[in-house]
Amino acid sequence: MLIGLQSCKTDNVEDYELKVLDEIFNDLIYKMGVASWFIPPPPPSIIDLHGDTVAYQRNIDDYTKQIKKWGKDTTIVIAVTDTLFTCYKDNYLERQIFTEYGYNEAYKAMTDSLITSRPLDLSKIKNREKIILKYHSEFPKGTQIWKKDYDFFLSGVLTISRIYFDSSRQFGLFYCSFMCGSLCGDGVIVCIHKINDKWAIEKIINLWVS
């Protein structure tokens, strides 16, 4: 009975994690530059309502130019790693400092070795616009992924960690990287905040660039 209850608790946590990831996914792939040429910029979030509207219009103009260049029927594929991995052994994270209580609590959870990796169920993340998600394991291994000719536009490889929440589930952190070639990519910490029952990306902390 105890094993069954623990299993239900774990499933609930993981289901919630995927719901949060699905909620912010469209904004995530845009801000990571995964397919920004083909995705219309999302409207300013609640956090950015008083932000720079000129920058938003500039993004709209860039999107329009790319659509004219590539065509509206271009199929975009993102290769997503099969596993949401853990962060507690990541050296990049050891140098980060979070002053906000919620983020600081979520950051401490990143060092919890009891939180384990888990398979990523892509069916729980709804495909956005014309973007198709495929498991990274479906592609050639290593650098061969960039050498094969596809009948679609391979945007790159997206890697996502587990989402680490504070105890109130109002703040969250996770690691994300995007590789667009053998020597092209970056890795970041994504800071998310729940406002008015909606999760939004509040800021992105750059860790490395290739």
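The values are calculated or read from the model by the stated rules, or taken from the named source; none is laboratory data. Everything quoted here is computed from the prediction, not taken from an experiment. Neighbour counts are summed over all protein chains in view; Cβ atoms, including those assigned to glycine, are modelled from backbone coordinates with ideal geometry.
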Point to revise | Check on Ile24, at pLDDT below 65 and either farther than 24 Å from Ser177 by Cα or in contact with a strand residue (DSSP E or B) (Cβ under 7 Å, 6 or more places away or on another chain) (or both) | key: no
Practice item. Considering only residues that are of a type in the set (Val, Ile, Thr) and over 11 Å from the mean Cα position of the chain (by Cα), look in the stretch 161-210 and name the one that is surrounded by the most Cβ atoms within 10 Å (Cβ to Cβ). Key: Ile205
Check your understanding: So which of Arg95, Arg58 is at pLDDT below 85 and within 21 Å of Tyr175 (Cα to Cα)?
Key -> Arg95
**Study point:** Residue count for the stretch 130-160, restricted to those that are surrounded by 14 or more Cβ atoms within 10 Å (Cβ to Cβ) and not in a strand (DSSP E or B)
**Key:** 5
Exercise for review: Identify the single condition in (1) hydrophobic (A, V, I, L, M, F, W, C); (2) at pLDDT below 90; (3) farther than 21 Å from Thr75 by Cβ that Ala106 does not satisfy, given that it satisfies every other one.
Suggested key: (2)
